[in-house]
Amino acid sequence: KSRRIFIKKNKLKEIVFLDIPLLFEGGLENECDLICSTISPLYLRKKRFLKRRGSTKEIFKNIIKNQVKDRERKEKSNYLIDTSKKPKKTYLQVDSIIYDILN
């Protein structure tokens, strides 16, 4: 409901981004005109996840088991953002995607 309200409120804007962590798993990809997915190696995702309070290897294993596989995520995405680099590189990728979409 809140997503629909957000989209309606911002429908006149040139571009609107939605952050939907389980986009493919929830079958929500048809709600989007374009899809940008973040990607990084599994070892790095695990390392980042385990830094969070209350995170365990078992929880991570279950999350990965239930997520769409990387290959499918890449095939279904219009743009990929590699988050394994330094933050500045990630921001540059985002800027490039926004430029591409708007031009």
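Residues of region 66-75 that are over 12 Å from the mean Cα position of the chain (by Cα) and open to solvent by 90 Å² or more (accessible area, probe 1.4 Å): N66, K69, R71, E75. The lone criterion from (1) within 14 Å of the chain's Cα centre (by Cα); (2) part of a loop (DSSP other than H, G, I, E, B); (3) surrounded by 11 or more Cβ atoms within 10 Å (Cβ to Cβ) left unmet by P21 is number (3). For region 26-40, a residue qualifies if it is in a loop (DSSP other than H, G, I, E, B) and surrounded by fewer than 13 Cβ atoms within 10 Å (Cβ to Cβ), and the qualifying residues are G26, G27, D33, L34. Scanning region 45-89 for residues that are of a type in the set (S, T, N, Q), touching a residue at least 40 places away in the same chain (Cβ under 8 Å) and assigned to a helix (DSSP H, G or I) returns a single hit, N66.
Residues checked against (1) of a type in the set (F, W, Y); (2) surrounded by 12 or more Cβ atoms within 10 Å (Cβ to Cβ):
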| residue | (1), (2) |
| --- | --- |
| L42 | no, no |
| R52 | no, no |
| I59 | no, yes |
| I64 | no, yes |
| S77 | no, yes |
| L80 | no, yes |
| K88 | no, no |
| V94 | no, yes |
| Y99 | yes, no |
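Among the residues of region 5-14, not a single one is assigned to a helix (DSSP H, G or I), farther than 21 Å from I101 by Cβ and within 18 Å of the chain's Cα centre (by Cα).
The values are calculated or read from the model by the stated rules, or taken from the named source; none is laboratory data. Keep in mind the model is a prediction, meaning the values are calculated, not measured. Methodologically, a virtual Cβ is constructed for each residue, glycine included, from the backbone with ideal geometry; neighbour enumeration extends over all protein chains shown. These accessible areas exclude ligands, DNA and RNA; they are computed on the full protein's heavy atoms, side chains included. Shrake-Rupley method; radii C 1.70, N 1.55, O 1.52, S 1.80 Å.
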